[in-house]
Each structure stands twice: as C-alpha cells, then as structure tokens.
Amino acid sequence: MRLEGMLEALEEQRRQSAIRDLDFEERLGLLVERQWLWKENRALAARLKNAQLKIANATLENINYRHPRGLKRAHIEQLRASAWVQEHRNCIITGPTGVGKSYLACALGHQACREGLRTR
C-alpha cells in the first residue's frame, strides 16, 4: 500500500514514551496525518523536479521589495493567487537586465508547484 510515511511515524511513536498517554484514535490520527503529509511532500518534490526551474530556491516570500525596480507587492500577491493560471492566461515579465525577471518567473513556478500545479 506504500505507507512509508505512516511507517516512519509509527517507528517514531514507538521510541516516544509519552505517546502511550494518547488513546488509539489520537495515535491513529497522527499516523494518518503523517502519511498524508509524506505523500504531499513527495508530490511537491516531484513537481519541482519536473519543473526544471533555473533558480530552484526562488520563492515569492524571498522577494526584496526595497530594491528600486518598480515591483509592487500588491501585484505580486495577485499573481500568487494563480487565478491567471487557471484562467489559461499568460504572464509576461519584462525589464532591463539584472532586475530579477528569471528569479520572479522561477518564484511563480515554485508557487504553482506548491499549489499542486504542474509547471515547466
């Protein structure tokens, strides 16, 4: 059944003496939650790998808005919502050399992967 996340959580529970204070349903709930998180993390890692982003660690959270390049936080937050992706619209990023166009594109791709969308 490929329950590797649940197996890891069960082994951790066995090593913890305080876990015996929880009843069966609570322990089972922790195991199921851990399996779900394990599966989600694996799927995210696969989407990020398949996306082949040039800047793998680019995220929208790490954008520096203080740099004078005319980047508006409100506009980036609109793009973060990814409604434009679901509406099958394009996003064109323009600007002079060195202002972070590639970084922004990779950060948007990373955000799309986190939301469960395939990215290229």
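Observations on the model:
- Matching residues in the range 43-55 - criterion: being surrounded by 13 or more Cβ atoms within 10 Å (Cβ to Cβ) and either assigned to a loop (DSSP other than H, G, I, E, B) or without any contact (Cβ under 8 Å) to a residue 12 or more places away in the chain (or both): 53, 55
- Restricting attention to the range 11-45, the residues being over 28 Å from residue 115 (Cα atoms) and not basic (Lys, Arg) number 13.
- In the set 114, 69, only one residue is more than 28 Å from residue 5 (Cα to Cα) and surrounded by 12 or more Cβ atoms within 10 Å (Cβ to Cβ); that residue is 69.
- Taking (1) charged (D, E, K, R); (2) under 13 Å from the mean Cα position of the chain (by Cα); (3) in the same structural domain as residue 119 (by TED's automatic domain parsing) in turn, residue 89 satisfies each apart from (2).
- Candidates 84, 36, filtered to the one that is in the same structural domain as residue 118 (by TED's automatic domain parsing), at negative phi and either surrounded by 11 or more Cβ atoms within 10 Å (Cβ to Cβ) or not in a helix (DSSP H, G or I) (or both): 84
- Restricting the range 56-97 to residues that are small (Gly, Ala, Ser) and free of Cβ contacts under 8 Å to residues at least 40 places away in the same chain leaves a set whose member that is nearest to residue 120 (Cα to Cα) is 82.
The values are calculated or read from the model by the stated rules, or taken from the named source; none is laboratory data. Because the structure is predicted, anything quoted here is derived from the model rather than measured. Don't worry about glycine lacking a Cβ; one is built from the backbone with ideal geometry, like all the others, and counts go over all protein chains shown.
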